[in-house]
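Below: one structure, written as structure tokens.
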Amino acid sequence: MGKIDKRPVSIPEDILAMAESAVAGGEFASVEHLVEAALRDWQARRDADLVKLRALIDEGLASPSVAWDGVDGIIAEGRRMLATRHG
């Protein structure tokens, strides 16, 4: 573990009560440990989301290009789709 930086933070009463309840129930040794675990979980989810996003970007870049017909082309395609549903 690296250097510990202590700083005051403001926590809503209901969140603090949940944290203290988790400590009292033995889930965490202290509120500080709970906050550290929560931040590590957040970081892991963020990292996983970035991996997924980068994969989607790569997939999009690797997909074949389609000619852009502009907004009029999109509207025409939508009308064709509606016509086949209701036709």
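The values are calculated or read from the model by the stated rules, or taken from the named source; none is laboratory data. Just so we're clear, the structure is a prediction, and the values are computed from it rather than from any experiment. All Cβ positions, even for glycine, are placed from backbone atoms using ideal geometry, and neighbour counts span all protein chains on display.
Out of the range 1-30, which residues are surrounded by 10 or more Cβ atoms within 10 Å (Cβ to Cβ) and either aromatic (Phe, Trp, Tyr) or modelled with pLDDT under 95 (or both)?
Passing the criteria: Ile11, Phe28.
Go through the range 33-73 and give me each residue that's farther than 24 Å from Arg7 by Cβ and of a type in the set (Lys, Arg).
Answer for the range 33-73, where residues must be farther than 24 Å from Arg7 by Cβ and of a type in the set (Lys, Arg): Lys52, Arg54.
Looking for whichever is under 29 Å from the mean Cα position of the chain (by Cα) and surrounded by 10 or more Cβ atoms within 10 Å (Cβ to Cβ) here; the options are Leu53, Leu82. Which one fits? I'd like the intermediate steps shown before the answer.
On the way: Leu82 fails: under 29 Å from the mean Cα position of the chain (by Cα).
After ruling out the rest, the residue left standing is Leu53.
Cβ-Cβ under 7 Å, sequence separation 6+ or interchain: first residue in the range 25-40 and touching a residue at least 60 places away in the same chain (Cβ under 8 Å), partner not polar (S, T, N, Q). Which pairs?
none
Go through the range 56-73 and give me each residue that's modelled with pLDDT of 90 or more and of a type in the set (A, V, I, L, M).
Leu56, Ile57, Leu61, Ala62, Val71
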